[in-house]
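Reviewing the structure listed below.
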Amino acid sequence: MNTKRGMRFCFAAAIVLLSFAVSVPVGANNLNRLLTGDYYGSSSYLCAASMPTFDDELRREGTGITFGGSSQGVTSYDGRGNYTFRGEVMSVNQDSAPAASAVGSSPVAHFTLVCNGTYMVDDDLSISGLGECRIDPLAGPYNRPPYPPGFYALIKNVRATGQLLGTAGNILRVGGQTEPNVETVIFFEPTGPTPFFSYERICTSSGTSMKIVGKGTNLRERGK
């Protein structure tokens, strides 16, 4: 693996944390109405990546790497099954890969994270969500050559699960995924819409969220 390709691995070390909460009493006809409004959340995560793919037994085919970090941001739920997330993420490459050992490089990177997707509230008040995210570098090795300005990545098939806690809807807890979900990370350069590199990863995360009261946090504006 050359240095540039190795660095691409940790570029997409971001994971969206869907923050699930109760905002109206149980018993509404449309259960998605139980999840509405803006929630500020923070999470920690750990991912395993494989270039190019995982096989049917979740073994890495090709080169693998692990990375972890933390994310924070605001998730907005419309009560009809649609959500948006805007926030930031810090990634730390945990392996002695070229991305971490190359001269002038760093295993730490900082990104904006913007996600859109759908969610569903089930009868037992469990939550499932599916979305797509975009990450753009703020600081770290991806803000300098060989990466051009405007370099970014999309994360496909982002899934999350959660459980509604109580009926107040002010503080909530999100559990980590126990069933492996394979996400696809696709890289783009600003010169055109055609992807030039991709890989697969599996992530798990955990964190908490709190309903925003008043003006909230400037993380609402990140990624616009």
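Quick note: the coordinates plus some simple rules give every number you see, no bench work behind them. Just so you know, these numbers come straight off a predicted model, no measurement behind them. Neighbour counts run over all protein chains shown; Cβ positions are idealised from the backbone, glycine included.
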- Whole-Hz ³J(HN,Hα) from phi, Karplus 6.51 cos²θ - 1.76 cosθ + 1.60, for segment 113-126, glycine and proline x: 9, 10, 10, 9, x, 10, 9, 9, 9, 8, 4, 8, 6, 7
- Query: For segment 27-78, what relative contact order do you get, as a whole percent, if you take Cα pairs closer than 8 Å and at least 6 residues apart?
  - Reply: 46
- Give me Rg over Rh for segment 34-98, both radii from the alpha carbons and Rh done the Kirkwood way, two decimal places. 1.14
- Note on the structure: One finds, for V182 and A139 with R0 = 30 angstrom and r their Cβ-Cβ distance, a FRET efficiency to the nearest 0.05 of 0.55
- Message: Can you order the peptides 136-148, 39-51 by their average number of other Cβ atoms within 10 Å per residue, highest first?
- Response: 39-51, 136-148
- Task: May I ask you to list the trypsin sites (Lys or Arg not before Pro) in segment 29-60 that are in a DSSP loop and have at most 15 other Cβ atoms within 10 Å of their Cβ?
- Result: R59
